[in-house]
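Student: Got a structure for you, written out below as structure tokens; questions coming shortly.
Please treat every number below as a calculation from the coordinates, not as lab data. Predicted, not measured: the structure shown is a model, and the values here were computed from it. Ideal geometry is used to build each Cβ from the backbone, glycine not excepted, and the neighbour counts take in all protein chains shown.
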Number of protein chains: 2
Amino acid sequence: MLQSTEARTGTAIGEAWPESTAAEIAAAVQSAADAAAAFGATGAVQRATLLRALAGALEAEREALVALADRESGLGLPRLNGELDRTAFQLRGFADVLERGDAHVFIDDAAVAGAPPAGRPRLTRVRVPVGPVAMFSASNFPFAFSVLGGDTASALAAGCPVVVKGHPAHPELSRRTAALAQRVVAEQALPAGVFQFVQGGSIEVGVALVNAPAIAAVAFTGSFKGGTALAKVAAERPRPIPFYGELGSINPLVVLPAALAKGAEKRNELAATLAGSICMGAGQFCTSPGVIVVPKGADGDAFVDAFAQALQGLQPHAMLSAGIRSAFDKGVARWRESALLKPLLNDAAPADAATPRPYLAEVSAADFAATHDLHEEVFGSAALVVRSGSVDDTATVLEAVGGTLTVTLWGAEEDSIETRHLVRVATQVAGRVLFAGVPTGVAVTAAQHHGGPYPASTQPFTTSVGYAALDRFLRPVALQDAPTWLSDRQGVPC
Amino acid sequence: MLQSTEARTGTAIGEAWPESTAAEIAAAVQSAADAAAAFGATGAVQRATLLRALAGALEAEREALVALADRESGLGLPRLNGELDRTAFQLRGFADVLERGDAHVFIDDAAVAGAPPAGRPRLTRVRVPVGPVAMFSASNFPFAFSVLGGDTASALAAGCPVVVKGHPAHPELSRRTAALAQRVVAEQALPAGVFQFVQGGSIEVGVALVNAPAIAAVAFTGSFKGGTALAKVAAERPRPIPFYGELGSINPLVVLPAALAKGAEKRNELAATLAGSICMGAGQFCTSPGVIVVPKGADGDAFVDAFAQALQGLQPHAMLSAGIRSAFDKGVARWRESALLKPLLNDAAPADAATPRPYLAEVSAADFAATHDLHEEVFGSAALVVRSGSVDDTATVLEAVGGTLTVTLWGAEEDSIETRHLVRVATQVAGRVLFAGVPTGVAVTAAQHHGGPYPASTQPFTTSVGYAALDRFLRPVALQDAPTWLSDRQGVPC
């Protein structure tokens, strides 16, 4: 059963309702499959119009949607208003991309007379919509990574119908947003199959959706456990399909000595910025910094003191759901039991408080690198400070992390052998490398890459944020000696 | 043990030698890992020079290599000389791509002042070499899909060291080509780890290579069984890695009524072309046409008669190895036992002949679509004729095939609702759609796409032939607020 709940109190709101049945899921997928040819045949302008209409509808219902999101998520009105802005911006951004023609870009290689290998027929490389996409909403961004978030926007932009599974942590907001989307699709005179919606918290719902034969690709943002389970289902279908999963990330932030050489004021400012990033949204960001590498020595000690003090003074708000809070408490409890970690915060708050307390502990680079358990994400306001004695220490820490959405390098402004080495190691393990600021906050733009080696992404060559997200749903096809009528249509068959 | 063998007679040539040990495989991977940073840091010009030197060395040793390839594969001197040409052309083609700067293309989004979502930091999207690539050679192209084939060329072009596993069907040619490559790498003053070589026919060798922690991606061309087994190994590593596998394809060729409306001469010419394609290289092409869809009716009957007659007159040469021949015989025997199939050739040759006989049988569209066994590739000169009564029949046949490297549509020159529908269905199931000629023969060019929905490819968005093959080994990374020194280097850290 699905139950809308006040995130801050755990109080149920209204009646519970049943999750989608197997028959309902099959019907939703069938409807999407029936719409695939017609929707794939729409032009860029028509799809851009749909995306703009969805953005407009979200904004028109802003007041009700944001209030509901706030009750179900506890994320607060300012953040949620900003997130709705971002979601609308993103929908319109994909519309811009379509209108520029980027989705239908193609390569046309003229025939070359003569024998192979130099001689060749005419080849035109086009991209075709992959087909119905199953989209699994995330809990932590009730707008931007949920029903009308980036995955849905990019799949629709590509001409693929979507079957969205709402997240059970904000079920009422999800079905309201889905109803809005379905109304807009109808107003645009598009088949209802273009946007289908299912709901459920059980593993069966997800498995049924991924196993539906007509589903051509899956987009997922969520937990490592749920993501790896569904990735396995996608890989073991009679016909395996691409599973675009973002499964978690610990986002190392490296404070290089140069970042601490600018005086106490700058140092304290960095410490406060970092503490704020860790507590932003109660740490419920996939890009929340979870490992802070700080040099050994007096400057590093002073930074760690300032950082711990800043964090001590912050109070994260209530977490998204009782389940997420319980996972956070268990993760912190596991760290508390580790003899390798030295706690850095004085934590007197009771364990059953409505809001979590941040957690910070220190560990040596060698112990961190050698201990696999410490590389696992604790989702929430918790981080480890790793003390590094050298560039090699720092590289070892990054390599131990292995796969992450982001690495942040503070103090890499000067070119040197050591800095180059660290930048190279950072690019080997991360999808985004920052040289200033904090990783929380992911701009929606063409150059963005929100992915990274496993487990940050199950498909590290793809991104789930930014306009390259479209590429996940447009499969290349080479047309050989295409007839004139097809060339005139730039290779798009219908 | 590895044993060089005369393909035509099965006679052993020289002494057998042992396959690579676990320690040798580990050492090869370690050597590649040690070379990854330095090789990744080479410029496009240096890598282009390496590729050109490899092409030149192949050509310089042409006579000895082609003669050896002919003994081990039985493919004949003209074909093997052409294949060596193509392999050298391909190496030089990637060199051209590098010199044009395509490998280091990047997107630079300037910072935008103001609050998000419109405000943003500067983001630069670059591409970094993924790291050491394990490359599994194929049996059927001893040059173009083997030691110095397209996978190796594209990985080296991307700045990734390769660990090549030679194919045991041409072991002597493989180690000779590998020695040539290692000599060229040394002459270019590059670390030996840039090109490493292992050999073995056992599953253990392949598993050890895919499981080596420093391997960052796998390129594979080969059997469905071997490919799915190794794909599973890649997916179940502690850190799963991309597995670019091309596992087999039955390449439907659709003869539309319009193709048969041009008189008997044209019809017989098409029939002869098709029979030639099926017997080319004894049918040992991943793009060999395995399903021929022919309209019901008098024109279709006449085409099938001409086609069967043309095929009856052809004699494929000896197959690549006793194992491949045995698999072909078993596949044909399975078809012979099927009550659904009506044989079209008079086959009097003994089953133990040194060379195989082509096989052709007819089946109804409904029986084909409903019978999963008939969708499995029989590697060699064997095909099924499927008789179609309508566009819907044909679409059903293509959808039953589901995933294939190619679909060929003969007679789609005129635009119509039906043709559009078939083109759309073809693009949904194939990586390449041809409108003339036969699918055997894959041009090396920018627009080429040699992939397709599973099992044609385990990564249908990527290609193993053509210049986009490079994209498999260059992972995007977004640099946020990159310092001046790094921007000056266009985002390449070292």
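Student: Just how large is the dipole of the protein assembly as shown about the Cα centre, in debye to the nearest 20, putting +1 at every Lys and Arg Cβ and -1 at every Asp and Glu Cβ?
Tutor: 240
Student: What does the helix-only formula give at 222 nm for chain B: each DSSP H stretch with n ≥ 4 adding -39500 (n - 2.57), the total divided by the residues, and the result rounded to the nearest 500 deg cm²/dmol?
Tutor: -13000 deg cm²/dmol
Student: Then there's this: Taking the number of other C-beta atoms within 10 Å as the exposure measure, put B:ILE25, B:ILE203 in order starting with the fewest.
Tutor: B:ILE203, B:ILE25
Student: May I pose another question? List the lysines whose Cα lies under 19 Å from the Cα of B:LYS296, skipping any in the same chain that are fewer than 8 positions away.
Tutor: B:LYS262, B:LYS266, B:LYS342
Student: If you don't mind, there's one more thing I want to ask. Rounded to the nearest 5, what is the percent of antiparallel bridges among the DSSP beta bridges in segment B:336-494? The partial results should precede the final answer.
Tutor: Details: 2 of 12 bridges.
Counting DSSP beta bridges with both partners in segment B:336-494, the antiparallel share is about 15 percent.
Student: Another question, then. 5 Å is the cut-off here: which amide hydrogens, built 1.01 Å from N in the peptide plane, fall below it relative to A:ILE292, excluding neighbours closer than 5 in sequence?
Tutor: For A:ILE292, whose amide H was placed from the backbone, the distant partners under 5 Å are A:LEU253, A:LEU384, A:VAL385, A:VAL386.
Student: Apply the Karplus curve 6.51 cos²θ - 1.76 cosθ + 1.60, θ = phi - 60°, to the phi angles in segment B:123-130 and return the couplings in whole Hz, x for Gly and Pro.
Tutor: 10, 10, 9, 10, 10, 10, x, 6
Student: Can I ask one more? Strictly greater than 27 Å: what percent of every Cα pair in segment A:252-434 meets that?
Tutor: 22
Student: I would also like to ask the following. If you restrict to DSSP beta bridges whose two residues both lie in the protein assembly as shown, what percentage is antiparallel, to the nearest 5?
Tutor: Counting DSSP beta bridges with both partners in the protein assembly as shown, the antiparallel share is about 25 percent.
Student: Compute the distance in nm between two label points, each set 7 Å from the Cα along the Cα-to-Cβ direction, one at B:ARG183 and one at B:ALA339.
Tutor: Once both label points are built, they end up 6.2 nm from each other.
Student: PRE reach from B:GLU61 (point 7 Å along Cα→Cβ): which of segment B:136-165 fall under 12 Å by backbone N?
Tutor: Under cut-off, by backbone N: B:147-148.
Student: Which residues in segment B:188-204 have a backbone N closer than 16 Å to a point placed 7 Å from the Cα of B:THR21 along the Cα-to-Cβ line?
Tutor: Residues passing the 16 Å test: B:198-200.
Student: Restricting to segment A:252-434, compute how many DSSP beta bridges are antiparallel as a %, nearest 5.
Tutor: If I count the DSSP bridges inside segment A:252-434, around 10 percent turn out antiparallel.
Student: Pull up all non-local amide H partners of A:ALA217: gap of 5 or more, or a different chain, and H-to-H distance under 5 Å with H placed in the peptide plane.
Tutor: Residues meeting the amide H criterion: A:ALA134.
Student: Can you work out which chain A residue has the shortest Cβ-to-axis distance for the rotation that carries A onto B, and give it in Å?
Tutor: A:ALA235, 3
Student: Using Cα-Cα distances under 8 Å and only pairs 6 or more residues apart, what relative contact order does segment A:252-434 have, in percent?
Tutor: It comes to 29 percent, rounded to a whole number.
Student: Using only alpha carbon pairs under 8 Å that are at least six residues apart, calculate the relative contact order of chain B and give it in whole percent.
Tutor: About 17 percent, as a whole number.
Student: Which distance in Å, rounded to a whole number, links the C-alpha centroids of segment A:71-97 and segment B:250-326?
Tutor: 57
Student: Related question: If each of A:GLU269 and A:ASP367 carries a label point 7 Å out from its Cα toward its Cβ, how far apart are those two points in nm?
Tutor: Result: 3.4 nm between the two label points.
Student: Can you sort A:ASP301, A:ASP488, B:ASP415 so the residue with the fewest Cβ neighbours within 10 Å comes first?
Tutor: Final ranking by Cβ density, sparse to dense: A:ASP488, A:ASP301, B:ASP415.
Student: Quick one: order B:SER202, B:SER464, B:SER174 by neighbouring beta-carbon count within 10 Å, fewest to most.
Tutor: Fewest to most other Cβ atoms nearby, the residues stand as B:SER202, B:SER174, B:SER464.
Student: Let me ask something else about it. Just how large is the dipole of segment A:252-434 about the Cα centre, in debye to the nearest 20, putting +1 at every Lys and Arg Cβ and -1 at every Asp and Glu Cβ?
Tutor: 320
Student: Same structure, new question: Are there DSSP H segments in chain B that both extend 20 Å or more along their axis (alpha-carbon positions) and score a mean Kyte-Doolittle hydropathy of at least 0.0? List them, or say none.
Tutor: B:22-40, B:44-60, B:264-279, B:298-312
Student: Could you work out the relative contact order of segment A:21-146, using alpha carbon pairs under 8 angstrom and six or more residues apart, expressed as a whole percent?
Tutor: Answer for segment A:21-146 is 26 percent.
Student: Sticking with this one: Just grab the label-to-label distance for A:ASN346 and A:HIS104, each label 7 Å out from Cα along the Cβ direction, in nm (one decimal).
Tutor: 6.7
Student: Oh, and also: With the Cα gyration tensor of chain A giving a ≥ b ≥ c as the square roots of its eigenvalues, does the rule (a/c under 1.5 for rounded; else a/b larger than b/c for prolate; else oblate) give rounded, prolate or oblate?
Tutor: Oblate, because a/c is 1.5 or more while a/b does not exceed b/c.
Student: Taking R0 as 41 Å, what FRET efficiency do you get between B:ALA38 and A:LYS330 from their Cβ-Cβ distance, rounded to the nearest 0.05?
Tutor: 0.40
Student: Separate question: In whole angstrom, note down how far apart the Cα centers of segment A:449-494 and segment B:430-469 are.
Tutor: If we compute the Cα centre of each part, the gap is 14 Å.
Student: Taking θ = phi - 60°, what integer Hz values does the Karplus form 6.51 cos²θ - 1.76 cosθ + 1.60 yield along segment B:237-251, in sequence order, with x for Gly and Pro?
Tutor: Karplus-based 3J(HN,Hα) across segment B:237-251 equals 4, x, 10, x, 10, x, 10, 8, x, 10, 10, x, 6, 10, 6 Hz.
Student: Here's a follow-up. Using amide H atoms built in the peptide plane, which far-off residues or other-chain residues are under 5 Å from B:ARG475 H to H?
Tutor: Under 5 Å from the amide H of B:ARG475: B:VAL128, B:VAL130.
Student: Another question, then. What is the distance in Å between the Cα centres of segment A:179-217 and segment B:349-420?
Tutor: So the separation of the two Cα centres works out to 33 Å.
Student: Here's something else I'd like to know. If you take the alpha carbon radius of gyration of segment A:57-201 and divide it by 2.2 N^0.38 Å, what ratio comes out, to two decimals?
Tutor: Normalised by 2.2 N^0.38 Å, the Cα Rg of segment A:57-201 equals 1.35.
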